[in-house]
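Read the structure below first, then the notes.
Nothing in this text is a laboratory measurement; each read-out follows from the coordinates by a stated rule. Note that this is a predicted model, so its numbers are computed, not measured. Glycine gets a Cβ as well: all are built from the backbone with ideal geometry, and neighbour counts include every protein chain shown.
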Amino acid sequence: MSWGGLAEGILMPPLVLLLPIFLGVGLMRVGNKRQGFWLAGSGLALFWIFSTPLVSGFLLHQLMPPYRNLQGNEADAIVILSAGKVQNRAEYGEAAPKILTLERIRYGAWLARRWNKPILVSGGGGRQGVSEGQVMKNVLENEFGVPVRWVETRSTTTRENALDSVSLLKNAGITRIYLVSQAWHLNRAMPEFQRLGMTVIPAGTGYDEGAISGFSFLPSASGLQNFYYFCHELVGRVWYFCLDRIKPNGS
């Protein structure tokens, strides 16, 4: 495991929420019962709060650009970013997109059918079999019946998505794009394309997370997952901020 992977594992849920509980229990076991009780209790309270759909959904919504009713004349191409793949999906007998990637594919296909815009798909991971970009292309063309004009297959990060995709787009004379991703990812992804001279129209999916109910106040797997996405985006933004301070030219 790399140092980056280790740091992400510690900083991301659920471990970041469980650590105070473990430390508190450890303190109680060595005799510091008062401090251990308060630390474990605080950790348990934080785990409860951030695992509720009400709180985690609210936090995730703060990352989203305002919803925009798209008309189809704002840009000239659709760029769909990958969010991972499953290398060997038994029921299909081949690689398949993960659920977030599939949500982006579906929305990108819907936009392409509606406006007849060309599509670029972006995603690497080809060292472990077929690339994410190629998987997206296969699904779009074979299952959604939507052609893909450009396939970017080398990138492993959002920044690399932009670098490699913009090169393909500019060679085709494209400088205005609809960027398709989860809405909470767009405010991190859009600047990466804009800094390379692209005009970016946000085309986010996942704005509507459902109505508030009594279960919204109870911890759930979906609530914890939303908090994971929130933390992932914050860590990503901080990481890019630090990179830009070290290498201002973005190299």
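Using amide H atoms built in the peptide plane, which far-off residues or other-chain residues are under 5 Å from VAL86 H to H?
For VAL86, the qualifying residues are ALA96, LYS98.
With Cβ to Cβ distances under 14 Å as the rule, what net charge do the other residues near LEU70 carry (K, R +1; D, E -1)?
Around LEU70, the surrounding residues sum to +3.
Considering Cα pairs under 8 angstrom that are at least six residues apart, work out the relative contact order of the stretch 10-147 and quote it in whole percent.
17
Work out the charge dipole of the chain with +1 on the Cβ of Lys and Arg and -1 on the Cβ of Asp and Glu about the Cα centre, then indicate which of GLY223, ALA112, ASN32 is farthest towards its positive end.
Ranked along the dipole, the leading option is ASN32.
Build a GNM of the chain with springs between Cα atoms under 10 Å: which of ARG176, ARG188, ARG89 gets the top mean-square fluctuation?
The residue that fluctuates most here is ARG89.
From Cα pairs below 8 angstrom and at least 6 apart in sequence, can you work out the relative contact order of the stretch 77-205, rounded to a whole percent?
Relative contact order here is 25 percent.
Based on alpha-carbon atoms only, what is the radius of gyration of the stretch 79-155 relative to the globular estimate 2.2 N^0.38 Å?
1.00
Would you work out the charge dipole size for the stretch 77-205 about its Cα centre, treating the Cβ of every Lys and Arg as +1 and the Cβ of every Asp and Glu as -1, and quote it to the nearest 20 debye?
Rounded to the nearest 20 debye, it is 300 debye.
For a quick protection proxy, order the peptides 237-244, 161-168, 67-74 by their average other-Cβ count within 10 Å, most packed first.
161-168, 237-244, 67-74
Helix-only mean residue ellipticity at 222 nm, the chain, DSSP H runs n ≥ 4 weighted -39,500 (n - 2.57), per residue, nearest 500. What is it?
Result for the chain: -17000 deg cm²/dmol, rounded to the nearest 500.
Just name one of PHE193, PHE241, PRO97: the one whose Cα is farthest towards the positive end of the charge dipole of the chain (beta-carbon charges, Lys/Arg +1, Asp/Glu -1).
Highest projection toward the positive end goes to PHE241.
How high is the relative contact order of the chain, in percent, counting Cα pairs under 8 Å that sit 6 or more residues apart?
Relative contact order for the chain comes out at 24 percent.
Hey, fewest Cβ within 10 Å first, where do LYS98, LYS117, LYS85, LYS247 land in order?
Ordered by Cβ neighbours within 10 Å, fewest first: LYS247, LYS98, LYS117, LYS85.
Which option, [x] 164; [y] 122; [z] 155, is the value of volume of the Cα convex hull per residue in Å³ that was calculated from these coordinates?
So the structure-derived entry is [x].
Using a ≥ b ≥ c from the Cα gyration tensor of the stretch 156-251 (square roots of the eigenvalues), is it rounded, prolate or oblate, where a/c under 1.5 gives rounded and otherwise the larger of a/b and b/c decides, a/b for prolate?
Taking the square roots of the gyration eigenvalues as a ≥ b ≥ c, the stretch 156-251 is oblate.
Mind telling me which of PRO65, PRO20, PRO191 comes out most flexible in a GNM of the chain, alpha-carbon contacts under 10 Å?
Answer for the Gaussian network model of the chain: PRO20.
Hey, if you put +1 on the Cβ of every Lys and Arg and -1 on every Asp and Glu Cβ in the chain, which of GLY43, SER167, GLY133 ends up farthest toward the positive end of that dipole?
It is GLY43.
For the chain, set up a Gaussian network in which alpha carbons nearer than 10 Å are linked by springs, and say which option among SER51, SER213, SER82 fluctuates the most.
SER213
Please give the per residue volume of the convex hull enclosing the alpha carbon atoms of the stretch 77-205, rounded to a whole number of Å³.
For the stretch 77-205, the hull spanned by Cα atoms encloses 87 Å³ per residue.
Where the centre of each part is set by its Cα atoms, how far does the stretch 212-233 sit from the stretch 48-123, in angstrom?
Rounded to whole Å, the Cα centres lie 19 Å apart.
Where the only charges are on Cβ atoms (+1 Lys, Arg; -1 Asp, Glu), what is the dipole of the chain about its Cα centre, to the nearest 20 debye?
With Lys and Arg at +1 and Asp and Glu at -1, about 400 debye.
Charges only on Cβ, +1 for Lys and Arg, -1 for Asp and Glu: so what's the dipole of the stretch 1-131 about the Cα centre, in debye to the nearest 20?
With only Lys, Arg, Asp and Glu charged at Cβ, the dipole is about 180 debye.
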